[in-house]
Amino acid sequence: MRKQLQDYLKKRVQECISLSRHSEDQDEKIYKKKASLNERQAEMVKVKAKGYIDKVEKKQEDVEHVYYHVHLQYLIKQKRLILLEEEIEARQAEFYKGVLVDDREINPFIIEETSRELEIPQEEFTDNNIRAEFQYDRQKAVQYAERWWNSYNPAYKKFEVDCTNYISQCLHQGGASMRGHPNRSHGWWMQKNNWSYSWSVAHAFRLFLGTSKKGLRAKAVSSPEELLLGDVICYDFEGDGRFNHTTIVTGKDANGMPLVNAHTANSRMRYWAYEDSTAYTPNIQYKFFTIVDDA
């Protein structure tokens with residue numbers, strides 16, 4: 001079992017750096033990644049992968065499912081720039097009578113249920129504890145994003161769908177002040193074992209950024225190249241108006257386009273568009289927010 005998984009992983013690594021054209025048995029994600037890199041005048045020059053088995057489940061007498069994760073490192077050359085992109089894949093393999101018959105990436109993005117209480121009210125409210133001025137330290141936010149991209153700060157609660165919680169932590173470490181406690185439908189905050197919807201839910205966070213008038217607030221811009229380090233991108237994968245993922249800008253590529261860090265599908269220095277994601281659809285919509293402060 002382990003040997004077959006190792007061989008399959010080696011095959012995928014070779015596909016990443018192979019110059020051969022797309023074939024029917026090529027991993028679709030790898031094909032999309034290479035196509036995106038080609039459009040950016042970039043290429044993978046070296047790829048490392050290390051897999052870890054999480055659990056094995058016996059489904060039927062002759063069928064076993066193996067759940068494992070892979071830490072992938074892509075060394076990317078783009079013009080004169082060398083970039084290191086990393087990601088964690090969650091995967092499921094199926095064995096029939098001890099033979100690997102299927103292996104696929106698990107889509108990590110659980111679509112959050114539509115709920116009236118997740119909507120952030122448009123009106124402002126009084127919070128006497130908020131600082132009058134807010135100065136955003138972009139460097140600290142990015143440093144925090146890099147430190148915790150593939151681990152979890154025990155000072156904060158960890159969520160199964162952790163992308164927005166992680167981004168909120170980055171912004172808070174960059175100096176953004178919390179407000180609204182204890183009303184979960186107001187403001188943006190986490191206190192002990194309680195938190196606002198906007199702190200941890202992607203759609204509520206997107207609504208909050210678009211309406212907040214004090215403390216943590218942001219301005220929507222029309223294109224990704226307008227974003228600065230420490231800014232935020234919100235993703236609506238299905239294009240149905242409900243946003244379900246959030247990332248933070250931690251770098252720029254040779255063309256000045258954002259590279260982002262994220263949780264849920266843990267990744268760092270990933271190209272902002274997510275075209276190689278299992279959650280990507282042609283209907284995807286983005287919202288680009290640049291953080292506004294009083295500096």
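The values are calculated or read from the model by the stated rules, or taken from the named source; none is laboratory data. Predicted, not measured: the structure shown is a model, and the values here were computed from it. Glycine also receives a Cβ, built like all others from the backbone with ideal geometry; neighbour counts cover every protein chain displayed. All accessible areas refer to the heavy atoms of the entire protein, side chains included, with ligands and DNA or RNA removed. Shrake-Rupley method; radii C 1.70, N 1.55, O 1.52, S 1.80 Å.
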Hits in region 241-264 (condition: open to solvent by 10 Å² or more (accessible area, probe 1.4 Å) and either in contact with a Ser or Thr (Cβ under 7 Å, 6 or more places away or on another chain) or over 25 Å from Gln78 (Cβ atoms) (or both)):
Gly241, Arg242, Phe243, Thr264
Have a look at Trp149, Trp199, Trp188 and point out the one that is at pLDDT 95 or above and either over 28 Å from Lys252 (Cα atoms) or in contact with a Leu (Cβ under 7 Å, 6 or more places away or on another chain) (or both).
Trp188
Subset tally (residues that are in contact with an Asp or Glu (Cβ under 7 Å, 6 or more places away or on another chain) and hydroxyl-bearing (Ser, Thr, Tyr)) for region 244-270
3
Residue within region 238-247 that is over 18 Å from Gln143 (Cα atoms), in contact (Cβ under 8 Å) with a residue 40 or more places away in the chain and among the hydrophobic types (A, V, I, L, M, F, W, C) present:
yes
With the first residue restricted to region 1-16 and required to be within 19 Å of Asp276 (Cα to Cα), and the second required to be surrounded by 14 or more Cβ atoms within 10 Å (Cβ to Cβ) and among the aliphatic types (A, V, I, L, M), Cβ contacts under 6 Å at 6 or more apart or on different chains are Leu9/Ala49; Val13/Val47; Val13/Ala49; Glu15/Ile30; Cys16/Ile30; Cys16/Met44; Cys16/Val47
Evaluate the following for Tyr286: is it over 11 Å from the mean Cα position of the chain (by Cα), open to solvent by 20 Å² or more (accessible area, probe 1.4 Å), farther than 17 Å from Phe205 by Cα and of a type in the set (Phe, Trp, Tyr)?
no
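For region 168-198, name all the residues that are out of contact with any helix residue (DSSP H, G or I) (no Cβ under 9 Å at 6 or more places or on another chain) and either buried (at least 23 other Cβ atoms within 10 Å of the Cβ) or farther than 12 Å from Leu216 by Cα (or both).
Filtering region 168-198 down to residues out of contact with any helix residue (DSSP H, G or I) (no Cβ under 9 Å at 6 or more places or on another chain) leaves 177, 179, 181-183, 191-194.
Result: His181, Pro182, Asn183, Gln191, Lys192, Asn193, Asn194.
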When the residues of region 270-283 are narrowed to those that are among the hydrophobic types (A, V, I, L, M, F, W, C) and within 25 Å of Ala254 (Cβ to Cβ), which ends up most open to solvent (accessible area, probe 1.4 Å)?
Trp272
Of the residues in region 211-236, those that are crowded, with 16+ Cβ neighbours inside 10 Å and in a helix (DSSP H, G or I) come to Pro224
With the first residue restricted to region 38-67 and required to be under 15 Å from Gln4 (Cα atoms), and the second required to be open to solvent by 70 Å² or more (accessible area, probe 1.4 Å) and of a type in the set (Val, Ile, Thr), Cβ contacts under 7 Å at 6 or more apart or on different chains are Glu64/Val56; Val66/Val56
Leading residue by the ranking (surrounded by the fewest Cβ atoms within 10 Å (Cβ to Cβ)) among those in region 1-40 that are outside any loop (DSSP other than H, G, I, E, B) and more than 27 Å from the chain's Cα centre (by Cα)
Lys3
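Given the criteria touching a residue at least 12 places away in the same chain (Cβ under 8 Å), out of contact with any helix residue (DSSP H, G or I) (no Cβ under 9 Å at 6 or more places or on another chain) and surrounded by fewer than 17 Cβ atoms within 10 Å (Cβ to Cβ), does Gln73 qualify?
Working: touching a residue at least 12 places away in the same chain (Cβ under 8 Å): yes; out of contact with any helix residue (DSSP H, G or I) (no Cβ under 9 Å at 6 or more places or on another chain): yes; surrounded by fewer than 17 Cβ atoms within 10 Å (Cβ to Cβ): yes.
Judged against the criteria, Gln73 is a match.
Can you tell which of Glu94, Glu43 is modelled with pLDDT of 95 or more, open to solvent by less than 80 Å² (accessible area, probe 1.4 Å) and either among the acidic types (Asp, Glu) or within 26 Å of the chain's Cα centre (by Cα) (or both)?
After ruling out the rest, the residue left standing is Glu94.
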